[in-house]
Amino acid sequence: METEPGRHTGAPIVSGALAWLECALEAVYDGGDHSILLGAVLDAGRGPDGDALLFHGGKFHRLAPSTV
């Protein structure tokens, strides 16, 4: 999988991704058996149009094209 470094943090961004966010860590909260990370968005982008992968309710779905 090809990546490129984010402009602000250098975090790897997947080349050709439909969309991406680059964030800075703002806070960490105790979530019991896990941690909840809060990030501030530094940059966002959109890649080429394509079918998005959606997993909901235990299975994969396709979204109908927008009519708006």
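The values are calculated or read from the model by the stated rules, or taken from the named source; none is laboratory data. The shown structure was predicted, so the numbers you read here are calculated from the model rather than taken from an experiment. With ideal geometry, Cβ positions are generated from the backbone for all residues, glycine too; neighbour counts draw on all protein chains shown. Heavy atoms of the whole protein, side chains included, go into the accessibility calculation; ligands, DNA and RNA do not. Shrake-Rupley method; radii C 1.70, N 1.55, O 1.52, S 1.80 Å.
Would you please give the residues with an amide H less than 5 Å from that of Ile13, counting only those at least 5 places away or on a separate chain, with H modeled from the backbone geometry?
For Ile13, whose amide H was placed from the backbone, the distant partners under 5 Å are Glu4, Gly6.
Against the 2.2 N^0.38 Å scaling, with N counting residues, where does the chain land? I'd like the Cα-based Rg ratio to two decimal places.
1.42
Kindly report the accessible area of the chain per residue (heavy atoms of protein chains, probe 1.4 Å, no ligands, DNA or RNA), in Å².
On the way: 5930 Å² over 68 residues.
Heavy-atom SASA per residue in the chain reads 87 Å².
For the chain, with the dipole built from +1 on Lys and Arg beta-carbon atoms and -1 on Asp and Glu ones, taken about the Cα centre, which of Gly50, Ser35, Leu25 lies farthest toward the positive end?
In the chain, that residue is Gly50.
Share of the chain's accessible area from carbon and sulfur, percent, 1.4 Å?
57
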